[in-house]
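Report on one structure; see the data block that follows.
Each value in this text was obtained by applying a stated rule to the coordinates, not by laboratory testing. This is a predicted model, so every value here is computed, not measured. Cβ sites come from the backbone with ideal geometry, for glycine too, and all protein chains shown count toward neighbours.
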């Protein structure tokens, strides 16, 4: 295990890591697919805050390239004037995660931003390897842009793609696709949270945090083997996309995250290309902090910082 003493670790993060690392649980790669997916849901039930009460939580579907895509609409208001909406893509290495794993987080986003959130339940690997996930997420975003008034009962005037980890990757990929070929309404802001952006195998953060910080090198290899991303392809690794046309971006990393440096290099490319970026690196915390807000109470303040950055960029669009 990497030595926590060589890096700043918040006290509540250290307590959570000490608990996790003391359980002798087998690595995710040894659990088997169904058990790994179930354990991800179970961790959220133990470590995540309960969902917020909202006026609207409704399951629906949209057509996708391989059949209907499940969606879930969240809104703190029964009715609202036309305005932007968050399109949320969950994390989980493209292998685990679903509408349930990120349910509490989506209620938090909707409540705090006072905005509709539409979560996308894209197809998972290994049953559906790359490019199934970006295909589904792009299709869902385009459908929401074109059909919001009738299908959602609220007219969406701009999209805010947002997601964590694999969902952060998909956020960037979908944003790039909708800039290249515009949807019925524009992407106005994107919010990738601790995203994987590139295929460089030897970032320092990979080495520093390979074990003992929740997301492990073993799990990342298991995810990668399942997803079968194409090296150098911008829909797998959006660092290879065009950055000068990127909409305003809230980019979030965690300082104890093995894929921290993948997020940093993406931010550097955005800045070099002249895109507007609010870069937030949450010091002393881990990959996955958005979903363990009960176990790591300081993560709630991190979320408030993210929401404040989104509000700042929304204000600058006026």
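The table for this structure:
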| item | result |
| --- | --- |
| Full-extension gain in nm, residue 155 to residue 114, via 0.36 nm per residue minus C-alpha separation | 13.3 nm |
| Sorted by Cβ neighbour density within 10 Å, fewest at the top, the residues 243, 90 | 243, 90 |
| Residue exposure sequence - 34, 269 - by fewest surrounding Cβ within 10 Å | 34, 269 |
| Linear extension gain, residue 81 paired with residue 204, 0.36 nm per residue minus alpha-carbon span | 39.6 nm |
| Cubic angstrom per residue, convex hull over Cα atoms of segment 1-70 | 188 |
| Calculated diffusion of the chain, Stokes-Einstein form, Kirkwood radius summed over Cα pairs, 37 °C and 0.692 mPa s, µm²/s | 169 |
| Per-residue [θ]222 nm for the chain (sum of -39500 (n - 2.57) over DSSP H runs n ≥ 4, rounded to 500) | -12000 deg cm²/dmol |
| Inter-label distance for residue 100 and residue 19, nm, one decimal - labels placed 7 Å from Cα along Cα-to-Cβ | 2.1 |
| For 307, 89, 16, 289, order by how many other beta-carbon atoms lie within 10 Å, fewest first | 307, 16, 289, 89 |
| Folded to 0 to 90 degrees: helix 260-273 orientation relative to the chain principal axis, Cα | 40 |
| Segment 58-216 - Rg (one decimal) and Dmax (whole number), Cα, Å | 15.6, 49 |
| Diffusion coefficient, µm² s⁻¹, Stokes-Einstein with Kirkwood Rh over alpha-carbon pairs of segment 153-262 at 37 °C and 0.692 mPa s | 223 |
| Estimated Rh, segment 50-139: Kirkwood, alpha-carbon pairs, angstrom | 13.5 |
| For segment 4-317, share of DSSP beta bridges that run antiparallel, in % to the nearest 5 | 35 |
| Tensor-based shape of segment 242-318 (alpha-carbon gyration tensor, a/c under 1.5 rounded, otherwise prolate or oblate) | oblate |
| Pair residue 244, residue 60: separation of 7 Å Cα→Cβ label points (nm) | 3.8 |
| Rg ratio (alpha-carbon, reference 2.2 N^0.38 Å) - segment 151-213 | 1.46 |
| Nearest 10 degrees, 0 to 90: helix 33-47 Cα axis against the chain principal axis | 90 |
| Hydrodynamic radius (Kirkwood) for segment 268-313, which is based on Cα pairs only, to one decimal in Å | 12.0 |
| Cα long-axis angle, helix 298-317 against the chain (0 to 90 degrees, to the nearest 10) | 30 |
| FRET efficiency estimate (nearest 0.05) - Cβ-Cβ, residue 42 to residue 265, R0 51 angstrom | 0.95 |
